[in-house]
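*Asks:* Take this structure first; my questions come after.
Please treat every number below as a calculation from the coordinates, not as lab data. In this text the structure is predicted, and so the values were computed from the model without any measurement. Every residue, glycine as well, gets a Cβ built from its backbone with ideal geometry; the counts of neighbours run over all protein chains shown.
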Amino acid sequence: MRTIELLRLGLSRLGHSRLRTALTMLGIIIGVASVVALVSVGQGATSGITSRLQGLGTNLLTVNPGATRTGFTRGAAGSANTLTVDDANAIAALPGVAGVEPEIDSSQLVIAGTSNETAPIIGTSAAYASVRDYTIWLGSFLTPADVTNHLRVAVLGATTASNLGLGQGSIGTTISVGGLPFQVVGIFQPKGTSGAVSADDEVVIPITTMQDHFDNAQSVRTIGVSVASAGQIELVKADIQVTLEGRHGIAPGGVDDFSISDQSQLLQTVGSVTGLLSILLAGIASISLLVGGIGIMNIMLVSVRERTREIGIRKAIGAKAGDIMAQFLIEALAISLIGGLVGIAIGVAATAVIGLIAGWGFVFNPLTVLVAVVFSLAVGVIFGVWPARQAARLDPILALRYE
Amino acid sequence: MSAPLIELDGVRRVYDTGRVQVAALDRIDLQVASGDFLAVVGPSGSGKSTLMHILGCLDRPTTGRYRLGGVDIADFDDDGLAEVRSRTIGFVFQDYSLLPGTSALENVAAPLLYQGVPRKERLARATAVLERLGLGDRLDHEPTELSGGQQQRVGIARALVTNPALILADEPTGNLDSASGAEVIQLMQGLNRSGRTIIMITHDAEVAQGATRQVHLRDGRIVA
Ligand SMILES: Nc1ncnc2c1ncn2[C@@H]1O[C@H](COP(=O)(O)OP(=O)(O)OP(=O)(O)O)[C@@H](O)[C@H]1O
Ligand SMILES: [Mg+2]
């Protein structure tokens, strides 16, 4: 019978018991809104983290002292200080290597005029900016000559510069790093935070200068290697391993005292973690949708019971079982669909707000909405069919006698 | 004389409650010709409503045969019976049985919905019947906004709107005072005079006088 007529019938009923309908819908609204919001949060977090990792440098290999790491877990702890500047130079000579920057860390009091702060100091080579994907905002980066000549020059991260009140016109001025005068030659553009560590809070100086004044050991914390093209990463990685094993006197296949990691490994690990997170969030949200569905079923069963006599009357005046079934099913579907649409609106709004706060922007996936619509309709059908069948199967004489 | 509209042959209806079997109807033989106004009279529990449910194709005989318009209703499945109810039978109930929260007009139009009549035509036909029964100014009233007599007239209008061959009324005056009861009986007599077949159930001998023919039930059997 004439779907439109049944639609009218089912919808008019919803208007009869508005509060009940609204409360039943609320279950679906919450369920769908949380599915949309949580799935979007999962996607937003994933894309946010991924884009930041990619921002750390392209085709980047990182050589660290100590034993191989798998994912985030470190194997046997190796001796810490096994890498040297000479190791970095050896790597630089390998084919397919575009740039190498060894890094030595320290933390020193930095004073500029009346401002001061304790900042991370990084001693490195002229390749640092290109390997780590930094862009110069003012002035210029360290030159190879700065490094070979042990010059006291410094390039500041964006955060450090603004903390110290340095900006336009500060290039060429002198600041004090660890009590020694350094000339500011450049300031980086901001890069954004990566996890808890800001990539913009640092003072970069020539590695030679660093060794002269702040670090008496030759120990290198990390060596960043930029590979000429993505296709060569595996090859270069293997070359570095052989080279370093040779230099450190380790037999091939022995336990290395260094580890080489690349971005793809990290991306993979992060991807699998965030993927798991997304599934978990979607799972939690689905449970609330399920609860909403059970709410619909509950209210529909009550409704069928309450309207037993109405069903008897309708059957007496000619309604077929299918007509009754359709009437109740449409009611359940209307509740779940309207609830679903409202839930999507709220979910999308929540996504926008969360994205704004978390800083990965508004990640909107039409597929999520489609899935949510299909999901809420499915909930309506699954939890509406049983009560509707109950209604359709009522024996008309029992229904008519029902008080 | 043409074939009777209704033929019951040895109809039994046994309710199986698990512990005991109650024969609400026992070997009923009955013929009702087209154009009859039959009153079924009997005390409470004699099986009147059970008989009406069978006549109205809401229920089936446990044994025996029921032919309506010459067709054995055992030949129909449940949807077929719904179709028969929709096309050929109009019900009038003691408690009016109007759809709650629904206007008089929508109540009367409801049976046409299940015949697939378009909405405009439904409303036009329902309006015409309600006007004929003097309820033209009560179209938008819901059942709670109508008196008992008015509600029963809406109920009769609903039974009439499909233009059925048979009208079945179960104690149509049972809930009404004598004045509005008499009005309802007059209404039914008028319908009968214009050619409609009516079967009316009542336990009130006086009300039964309004019919042209009476059948007396006792303990599920026809006694007179
Ligand atoms: N669903 C049922 N299950 C078991 N027994 C039933 C059922 N319906 C009716 N009966 C029994 O069948 C008999 C006839 O019932 P019915 O309702 O037809 O009587 P009635 O003549 O309409 O009575 P009343 O004047 O009170 O309406 C009664 O004894 C009743 O108890
Ligand atoms: Mg009865």
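*Asks:* Please give, to one decimal in nm, the separation of the simple spin-label points placed at B:D72 and A:A230, each 7 Å out from Cα toward the Cβ.
*Replies:* So the label points at B:D72 and A:A230 sit 7.9 nm apart.
*Asks:* Along each of the three principal axes of the Cα atoms of region B:76-199, give the extent in whole Å, ordering the values from largest to smallest.
*Replies:* The principal-axis extents, from largest down, are 40, 29, 25 Å.
*Asks:* Charges on Cβ only, +1 for Lys and Arg, -1 for Asp and Glu, centred on the Cα centroid of the protein assembly as shown; of B:A126, A:L398, A:V32, which one is farthest towards the dipole's positive end?
*Replies:* It is B:A126.
*Asks:* Give me the orientation-averaged projected area of the Cα convex hull of region A:342-386, in nm², one decimal.
*Replies:* 3.3
*Asks:* Just add up the charged neighbours of A:A127: K/R +1, D/E -1, any other residue whose Cβ is under 14 Å from the Cβ of A:A127.
*Replies:* -3
*Asks:* Where is the GNM fluctuation largest for chain B (alpha-carbon springs, 10 angstrom cutoff): B:Q186, B:Q21, B:Q150?
*Replies:* Comparing B:Q186, B:Q21, B:Q150 in the GNM, the peak value goes to B:Q21.
*Asks:* Next question, about the same structure. Using only the alpha-carbon atoms of the protein assembly as shown, report the extent along each of the three principal axes, biggest first, to the nearest angstrom.
*Replies:* Sorted largest first, the three principal extents are 130, 54, 37 Å.
*Asks:* Would you work out which of B:G10, B:I89, B:V184 lies farthest towards the positive end of the dipole of region B:6-222? Charges go on Cβ: Lys and Arg +1, Asp and Glu -1.
*Replies:* Among B:G10, B:I89, B:V184, the one farthest towards the positive end of the dipole of region B:6-222 is B:G10.
*Asks:* Could you tell me what a quarter of the Cα convex hull surface of region A:115-159 works out to, in nm² with one decimal place?
*Replies:* The Cα convex hull of region A:115-159, projected and averaged over all directions, gives 3.8 nm².
*Asks:* Between B:D137, B:D59, B:D36, where does the largest GNM mean-square fluctuation fall for chain B, given springs only between Cα atoms within less than 10 Å?
*Replies:* Result: B:D137 has the largest fluctuation of those listed.
*Asks:* Restricting the count to DSSP beta bridges whose residues both fall in the protein assembly as shown, what percent are antiparallel, rounded to a multiple of 5?
*Replies:* Percent antiparallel among DSSP bridges in the protein assembly as shown is about 70.
*Asks:* In debye to the nearest 20, how big a dipole does region B:6-222 give about its Cα centre with +1 on each Lys and Arg Cβ and -1 on each Asp and Glu Cβ?
*Replies:* 380
*Asks:* Give me the dipole magnitude in Debye, nearest 20, for the protein assembly as shown about the Cα centre, with unit charges on the beta carbon: positive for Lys and Arg, negative for Asp and Glu.
*Replies:* Here the size comes out at about 2540 debye.
*Asks:* Right, another one. Does region A:297-336 classify as rounded, prolate or oblate by the C-alpha gyration tensor (a ≥ b ≥ c root eigenvalues; a/c under 1.5 gives rounded; else a/b over b/c gives prolate, otherwise oblate)?
*Replies:* It is oblate, given that a/c is not under 1.5 and a/b is not larger than b/c.
*Asks:* Of the beta bridges DSSP finds with both residues in region A:83-256, what % are antiparallel, to the nearest 5?
*Replies:* The answer is about 80 percent antiparallel.
*Asks:* If you don't mind, there's one more thing I want to ask. Can you give the Rg and Dmax of region B:19-110 based on its C-alpha atoms, in angstrom?
*Replies:* Gyration radius and largest Cα-Cα distance of region B:19-110: 15.2, 45 Å.
*Asks:* Which distance in Å, rounded to a whole number, links the C-alpha centroids of region B:92-150 and region A:352-379?
*Replies:* Cα centres, region B:92-150 to region A:352-379: 47 Å.
*Asks:* What span do the alpha-carbon atoms of region A:83-256 cover on each of the three principal axes, reported in whole Å from largest to smallest?
*Replies:* If we take the Cα atoms of region A:83-256, the spans are 55, 34, 32 Å.
*Asks:* Please turn the phi angles of region A:173-190 into ³J(HN,Hα) values with the Karplus equation 6.51 cos²θ - 1.76 cosθ + 1.60 (θ = phi - 60°), one per residue in order, whole Hz, x for glycine and proline.
*Replies:* 6, 10, 10, 9, 10, x, x, 10, x, 10, 9, 6, 10, x, 10, 6, 6, x
*Asks:* Hey, in the GNM for chain A with a 10 angstrom Cα cutoff, which one of A:G15, A:G178, A:G275 fluctuates hardest?
*Replies:* For chain A, modelled as a Gaussian network with Cα springs under 10 Å, the answer is A:G15.
*Asks:* Restricting to DSSP loop positions (anything but H, G, I, E, B) with no more than 16 other Cβ atoms inside 10 Å of their own Cβ, which chymotrypsin sites (Phe, Trp or Tyr not before Pro) remain in region B:71-169?
*Replies:* Answer in residue order: B:F76.
*Asks:* Another question about this same structure. So what J values fall out for region B:38-52 if you push phi through Karplus, 6.51 cos²θ - 1.76 cosθ + 1.60 with θ = phi - 60°, rounded to Hz, Gly and Pro as x?
*Replies:* Residue by residue, region B:38-52 yields 9, 9, 9, 10, x, x, 4, x, 7, x, 4, 5, 4, 4, 5 Hz.
*Asks:* Something else about it: Restricting things to Cα coordinates, could you compute the convex hull volume per residue of region A:242-365 in Å³?
*Replies:* Convex hull volume per residue, Cα atoms: 194 Å³.
*Asks:* Now for a different question. Under 10 °C and 1.306 mPa s, how fast does region A:310-381 diffuse according to Stokes-Einstein, given a Kirkwood radius computed over C-alpha pairs? Answer in µm²/s, whole number.
*Replies:* In µm²/s, the coefficient rounds to 109.
*Asks:* While we're here: When the distances between all Cα atoms of region B:6-222 are binned every 10 Å from zero, what whole-number percent does each bin get?
*Replies:* P(r) over region B:6-222, rounded to whole percents: 8, 34, 36, 19, 3, 0.
*Asks:* Nearest 10 degrees is fine. How inclined is helix B:78-88 to the longest principal axis of chain B, computing both from alpha carbons?
*Replies:* Approximately 60 degrees, to the nearest 10.
*Asks:* Loop only per DSSP, at most 13 neighbouring Cβ atoms within 10 Å: give me the trypsin sites (Lys or Arg not before Pro) in region B:1-104, ordered by residue number.
*Replies:* Hits after loop and neighbour filter: B:R19.
*Asks:* Please name which of A:V291, A:I317, A:G66 has its Cα lying farthest along the dipole of chain A towards the positive end, using unit charges on Cβ (Lys, Arg +1; Asp, Glu -1) and the Cα centre as origin.
*Replies:* Checking the options against the dipole of chain A, the answer is A:I317.
*Asks:* Hey, another quick one. Angle, helix A:321-358 long axis vs. longest principal axis of chain A, Cα atoms, 0 to 90°, nearest 10?
*Replies:* Result, in degrees: 20.
*Asks:* Please list 3J(HN,Hα) in residue order for region A:386-391, calculated via the Karplus relation 6.51 cos²θ - 1.76 cosθ + 1.60 where θ = phi - 60°; whole Hz, with x for glycine and proline.
*Replies:* 3J(HN,Hα) across region A:386-391, in whole Hz: 4, x, 5, 5, 3, 5.
*Asks:* Same structure, new question: Quick check on the protein assembly as shown: helices-only [θ] at 222 nm, where DSSP H runs of length 4 and up contribute -39,500 (n - 2.57) each and the sum goes over total residues. Nearest 500, please.
*Replies:* -15500 deg cm²/dmol
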